[in-house]
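Novice: Below: one structure in structure tokens.
The values are calculated or read from the model by the stated rules, or taken from the named source; none is laboratory data. Because the structure is a prediction, the values reported are computed rather than measured. Here the Cβ positions follow ideal geometry from the backbone for every residue, glycine too, while neighbour counts run over all protein chains shown.
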């Protein structure tokens, strides 16, 4: 299912921007956010909102928001990850996460790389809203930056 959504987002993003790099960035951000929501969601319902702000036409940005319900432990981890990402350059945050993966126990399968990857590879700004245990993560990608 995530792969189908990724392909759809890539196709529609290319139609809206005529830039393969923008389309690839939107697809990457969408699939990473959805994968994280599936892994860490407390319930089965996950929402996806895609908003294109095209001004002037073929320019602008896309805002990709994924909503889900999580528990306090995962919300705390998410806040910590975003704080760490935002205090470094995108490349520094990505490389730190890559290094952490190599230093983890072999049996630890969680990379926690997704948000750093979105920030670095898609050049997206990631933001978080939490209302009790309802989580919304938005990745904003500016077409001119890619």
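Novice: For residue 29, state whether it is in contact with a strand residue (DSSP E or B) (Cβ under 8 Å, 6 or more places away or on another chain) and either more than 18 Å from residue 140 (Cβ to Cβ) or buried (at least 17 other Cβ atoms within 10 Å of the Cβ) (or both). Steps first, please.
Specialist: Working: in contact with a strand residue (DSSP E or B) (Cβ under 8 Å, 6 or more places away or on another chain): yes; either more than 18 Å from residue 140 (Cβ to Cβ) or buried (at least 17 other Cβ atoms within 10 Å of the Cβ) (or both): yes.
In short, yes.
Novice: Also, I was wondering about something else. List, please: which pairs have Cβ atoms under 7 Å, are six or more places apart or on different chains, and start with a residue in segment 9-20 that is at negative phi and end with one that is outside any helix (DSSP H, G or I)?
Specialist: 9/50; 13/62; 16/52; 16/54; 17/58; 19/146
Novice: For residue 12, indicate whether it is over 15 Å from residue 139 (Cβ atoms) and in a helix (DSSP H, G or I). Walk me through how you get there before you give the answer.
Specialist: Numbers: over 15 Å from residue 139 (Cβ atoms): yes; in a helix (DSSP H, G or I): yes.
Against the criterion (over 15 Å from residue 139 (Cβ atoms) and in a helix (DSSP H, G or I)), residue 12 qualifies.
Novice: Between residues in segment 88-111 that are under 19 Å from residue 40 (Cα atoms) and residues that are modelled with pLDDT of 90 or more, which pairs lie under 7 Å by C-beta distance while being six or more apart or on different chains?
Specialist: Close Cβ pairs (under 7 Å, with a partner that is modelled with pLDDT of 90 or more) amount to 97/116.
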